[in-house]
Amino acid sequence: MQALSPEIFEEIQAKLRRIENENGVRILYACESGSRSWGFASPSSDYDLRFIYVSPVRRYLQLSPWRDVIESETNDLWDISGWDLKKAVLLLKKGNASLAQWLYSPIVYRSHPVFMTEMRKLLAHSSPIPRLYWAYRSMAQAHITNYLAGRPEVEYKRFLYVVQALLAMQWVETKQSIPPVIFEELVHSLVTDEALLTEISTLVRIKSSEGEGETGPKIMFPNVLGFIERALVNTQPPVSTGDEIPADDLDAFFLKWIGAS
C-alpha cells in the first residue's frame, strides 16, 4: 500500500479541525475509504475521507429535523463526508457494509481508541454477516449492470470494483466474518487459480500505474469474466442467527459518546 506523505496527513488534520470549527462538532473517528484503503489507488485517485462526529447535545433534543451528514469537499482531489454518531449507530445496527469498511480501514486519520473498540464490538454483536453478504453482492451487481454488461470496453477500475465486492461476498459466506478491507488480503486468501491471479495482478498494476479512467477490451481478461459469472451463481447466503444488539447497549453507547450518560 502506498505510504501517505506527512504533508498530506497534516493537510487532512487541518481539514478535520476546520470541519469541527465550522460545524460545531467533535470528530471521533476519521479514515480513508475507497481505492486508497483497498490498496490499488492510481496516480489520479482522490482522497475519500470519511468520519464519524458528535453534535452538541441540544441538537439531539430538537423536535425539528436536522441534517446528520456533513459534506465538506468534492473535487478532483478530495471527497470528504461524515455521519453524525446517531446516524452511524442506527446504520451499525443494520450491519451497514460502508460503516464496516470504515471501522476496519487500514488508513486511519483520527481515532479515539476506546470509541473504535466499542464500535467494532457493537458491529460484531449486530450479526451483520447475512446483511454484508447481500450488500457486497448488490455492489457487484450494480457495477456489472451499469459498467460491464453489454460493453466491449470497460474501465479497468470497474473490473476491480466488481472483483473486490465478490471476493468480500465470498469471504463473508465462507469465513462468516467481516472481510479485510485491503484487496491483496482478499485475493491471497481466496484466489488459488494461477491464471485468475495473473489477470487480477495485471488489472491492479494497470489501475495503480495508469489512471482512473483507463479502459480496454474486457475480453482481454477471460478468467476475470469467468470468475464474475461463477461467483454470482455458485454462492449461498449465510444463515442469520437472528441475534440483535440489545437496545439498552446501543442507548448506553450513544449517550456516553454524546456526553449525556
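The values are calculated or read from the model by the stated rules, or taken from the named source; none is laboratory data. Computed from a predicted structure; not experimentally measured. Neighbour counts run over all protein chains shown; Cβ positions are idealised from the backbone, glycine included. For accessibility, only protein heavy atoms count, side chains too; no ligands or nucleic acids. Shrake-Rupley method; radii C 1.70, N 1.55, O 1.52, S 1.80 Å.
Would you mind listing the helices (runs of 4 or more DSSP H) fully within region 143-216 where at least 1 residues are crowded, with 18+ Cβ neighbours inside 10 Å and basic (Lys, Arg)?
156-175, 194-209
Would you confirm, using the coordinates I've provided, whether Gly259 is in contact with a helix residue (DSSP H, G or I) (Cβ under 7 Å, 6 or more places away or on another chain), open to solvent by less than 20 Å² (accessible area, probe 1.4 Å) and among the small types (Gly, Ala, Ser)?
Working: in contact with a helix residue (DSSP H, G or I) (Cβ under 7 Å, 6 or more places away or on another chain): yes; open to solvent by less than 20 Å² (accessible area, probe 1.4 Å): no; among the small types (Gly, Ala, Ser): yes.
It is false that Gly259 is in contact with a helix residue (DSSP H, G or I) (Cβ under 7 Å, 6 or more places away or on another chain), open to solvent by less than 20 Å² (accessible area, probe 1.4 Å) and among the small types (Gly, Ala, Ser).
Report the residue count in region 140-186 for those that are closer than 18 Å to Ser35 by Cα and of a type in the set (Gly, Ala, Ser).
4
Only residues that are more than 21 Å from Arg120 (Cα to Cα), more than 22 Å from the chain's Cα centre (by Cα) and part of a helix (DSSP H, G or I): list them for region 228-255, please.
Passing the criteria: Glu229, Arg230, Val233.
Test each condition in (1) open to solvent by less than 50 Å² (accessible area, probe 1.4 Å); (2) out of contact with any Lys or Arg (no Cβ under 8 Å at 6 or more places or on another chain); (3) farther than 30 Å from Leu28 by Cβ for Phe253 and report the one that comes out false.
Every listed condition holds for Phe253 apart from (3).
Residues that are modelled with pLDDT of 90 or more, in contact with a Phe, Trp or Tyr (Cβ under 9 Å, 6 or more places away or on another chain) and open to solvent by less than 50 Å² (accessible area, probe 1.4 Å): which strands (runs of 3 or more DSSP E) entirely in region 48-130 hold 3 or more of them?
Working: elements: 69-74, 78-84, 108-111.
Hits in region 48-130: 78-84.
Return the residues of region 217-227 that are aromatic (Phe, Trp, Tyr) and in a helix (DSSP H, G or I); say none if nothing qualifies.
Narrowing region 217-227 to residues aromatic (Phe, Trp, Tyr): 221, 227.
Across region 217-227, the qualifying residue is only Phe227.
Quick one: how many residues across region 22-76 are touching a residue at least 60 places away in the same chain (Cβ under 8 Å) and over 20 Å from Met116 (Cα atoms)?
Adding up the residues that qualify gives 11.
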